[in-house]
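Comments concern the structure below.
Every number here is computed from the coordinates shown, using simple stated rules; none is lab data. These numbers were taken from a predicted model, which means no experiment stands behind them. With ideal geometry, Cβ positions are generated from the backbone for all residues, glycine too; neighbour counts draw on all protein chains shown.
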Amino acid sequence: MAAKPPSSDAQQQGGGSVDSKPGLRKPVFVKVDSLKPGTSGHTLVVKVLESTTVLSKKPRNPTFRGAQNQNTRIAECLIGDETGTILFTARNDQVEMMKPSNTVILRNAKIDMFKGSMRLAVDKWGRVEVTEPAEFVVKEENNLSLVEYELVNVEES
C-alpha cells in the first residue's frame, strides 16, 4: 500500500498558500438606468432591439499583414433591459453577435460620450457573449442615449 501525500484541502477551501492566486471577483450586474457618463467596468445582461451598420471599411494597405489589414466594421445597436435602453457601439467581431432579438452579456463595458450623449462600448479589455434568451420585457420609453449632457466647468470661489 503506497503512502498518500498530504492532501491540500486547506488550499482548496480558500485557506490558500502564499503562492495561490486571489479568487476572481463575482460580477456585479447593473441595470441600464444606473449608467452614468464617464463610468466603466459595467456588466449587464441586455437584449438587442436593433442593429445598424454605420461603417464597413476595407483595409488601406492590402499587402500589409496584421491587425491593421482587417475590415473595419462598426454598428450602432439599440440595446436594453427592463429599466431602459441605450445605444451600443459594436466593433468588428462584436457586430456579428449584436443581432436583433439576441440576449447578450456585456462585461467590462464603458460609457463613451458622443455628441453630448451616452454610448455603451466594450473595448479590448471587455467581452461580449451571446447567452440564452432573457425573460424581461425591454422598457423602450427610457432611452438614455437621447439625454444630452453638457460639460460644465465649476469655478471655486
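Ignoring aspartates and glutamates fewer than eight residues from LYS110 along the same chain, the ones with Cα atoms less than 17 angstrom from its Cα are ASP33, GLU76, ASP81, ASP123, GLU129. Straight-distance candidates among the lysines for linking to LYS57, with alpha-carbon spacing under 23 Å and chain neighbours fewer than 8 residues away dropped: LYS99, LYS115, LYS124. For GLU82, the residues whose modelled amide H falls within less than 5 Å of its own, excluding neighbours fewer than 5 places apart on the same chain, are LYS139.
Taking a ≥ b ≥ c as the square roots of the eigenvalues of the alpha carbon gyration tensor, the stretch 32-157 is oblate, as a/c is not under 1.5 and a/b does not beat b/c. Sorted on the mean count of surrounding Cβ atoms within 10 Å across their residues, most packed first, peptides 136-148, 72-84, 98-110 read 72-84, 98-110, 136-148.
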